[in-house]
1. I need the full set of residues from the range 1-15 which are buried (at least 16 other Cβ atoms within 10 Å of the Cβ) and more than 12 Å from LEU49 (Cα to Cα), in order please.
2. Take the range 147-174 and flag every residue that is among the small types (Gly, Ala, Ser) and either surrounded by fewer than 22 Cβ atoms within 10 Å (Cβ to Cβ) or within 11 Å of the chain's Cα centre (by Cα) (or both).
3. Taking ILE268 as the residue in question, decide whether it is surrounded by 14 or more Cβ atoms within 10 Å (Cβ to Cβ), among the β-branched types (Val, Ile, Thr) and in a loop (DSSP other than H, G, I, E, B).
4. Looking at ASN177, is it under 29 Å from LEU217 (Cα atoms) and either outside any helix (DSSP H, G or I) or open to solvent by 50 Å² or more (accessible area, probe 1.4 Å) (or both)?
5. When you scan the range 86-126, how many residues do you find that are in a helix (DSSP H, G or I) and either buried (at least 16 other Cβ atoms within 10 Å of the Cβ) or touching a residue at least 40 places away in the same chain (Cβ under 8 Å) (or both)?
6. Among the listed residues LEU158, LEU167, LEU172, LEU129, which satisfies the condition of being part of a helix (DSSP H, G or I), of a type outside the set (Gly, Ala, Ser) and more than 24 Å from LEU256 (Cβ to Cβ)?
7. Identify the residue in the range 185-203 that is open to solvent by 20 Å² or more (accessible area, probe 1.4 Å) and in a helix (DSSP H, G or I) and, among all such residues, is farthest from LYS88 (Cα to Cα).
8. Taking only the range 16-38 into account, find how many residues are open to solvent by 20 Å² or more (accessible area, probe 1.4 Å), within 26 Å of VAL93 (Cα to Cα) and outside any loop (DSSP other than H, G, I, E, B).
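The values are calculated or read from the model by the stated rules, or taken from the named source; none is laboratory data. No experiment lies behind these values; they were computed from the predicted model shown. For neighbour counting, all protein chains shown are included, and Cβ atoms are generated from backbone atoms with ideal geometry for every residue, glycine included. Accessible surface is based on the protein model in full, side chains and every heavy atom, while ligands, DNA and RNA are left aside. Shrake-Rupley method; radii C 1.70, N 1.55, O 1.52, S 1.80 Å.
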Amino acid sequence: MRTFQGLRQILAQVRDNKYSMPAEVDLENLVEDMLHFLGDTDPELRDDLICSTFYTWTEDGTLTTSLMHKILNTCISEKYLFLGIGEKDTDTVFTRAFSSLYIGLALCRHDEDPYLSDAEVQNVKQALLNYVKQEKDFRGYVTDKGWAHALAHVSDALNDLVFCDCLLREDLLDVLNAVKAIVLDAPIVYQAGEDDRVAVVFESICERDILSPQDILNWLRTFDYPYDRTAGAYPQVFYSHVNRRHFLRCIYFMLLALDGFEAVAAYIKEMLKRIESSNDDSEE
């Protein structure tokens, strides 16, 4: 196992050599070291070196399907995606957040070159849905440590998931319910683009053309209720209200560009009018 400094040195060499592997370095051992440090709090190692290298090697085929399997199975494990799950404001969030990022990367590779069984895809789906239910650290940027962005990263992974051919109608409805949880259950108003990232998941589900516009309308009706500050703990109910409004605005403009969803876009437009009319301006 390489040390922190040893891994930084070799990955800097790889980067400076246009991501070509040095002849004397064993790729599988290096991947193991990268996985070990994937949630490190040093943003240069975590983002600029490990993350950029994984993405480049996935795209250029340096990582074999065997290694992609290894990365995926490691990242969905209890010691990675669920490390410290339920904690708030601790450094374990970086391991969880970057695990979900690489899960998405593995799914993206599968979309281009299928190497996972249907059962494996279903296992990944269940892990991501369980993770969404349990994540309690909603920070975006952390001073001196860089981006945690756990909810944005898992949204990216869910977006890659929905393109897996084996997912059927009920699977996509499950993902939509995870989208709803991300939008409504945060104890903050999202400020770091999370609403845009999760809206892309919704857009991709529509583009799959498996769920009908009526399916989408039925799901959207669960968002259609007036803002009532007495409906739950305050200010949580207000944060949910704001995040809901931002999300609906995002998907409204996405739907305008999709054929066949005109009625859905019109419904969202009317829903937003109702939501706006229920606002208590004195609270904002």
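1. Going through the range 1-15, the residues buried (at least 16 other Cβ atoms within 10 Å of the Cβ) turn out to be 2, 7-8, 10-11, 14.
Hit for the range 1-15 is ARG2, nothing else.
2. If the condition is that a residue be among the small types (Gly, Ala, Ser) and either surrounded by fewer than 22 Cβ atoms within 10 Å (Cβ to Cβ) or within 11 Å of the chain's Cα centre (by Cα) (or both), then ALA150, ALA152, SER155, ALA157 are the ones that fit.
3. The answer is no for ILE268.
4. yes
5. Total meeting the criteria: 27.
6. LEU129
7. GLU203
8. 4
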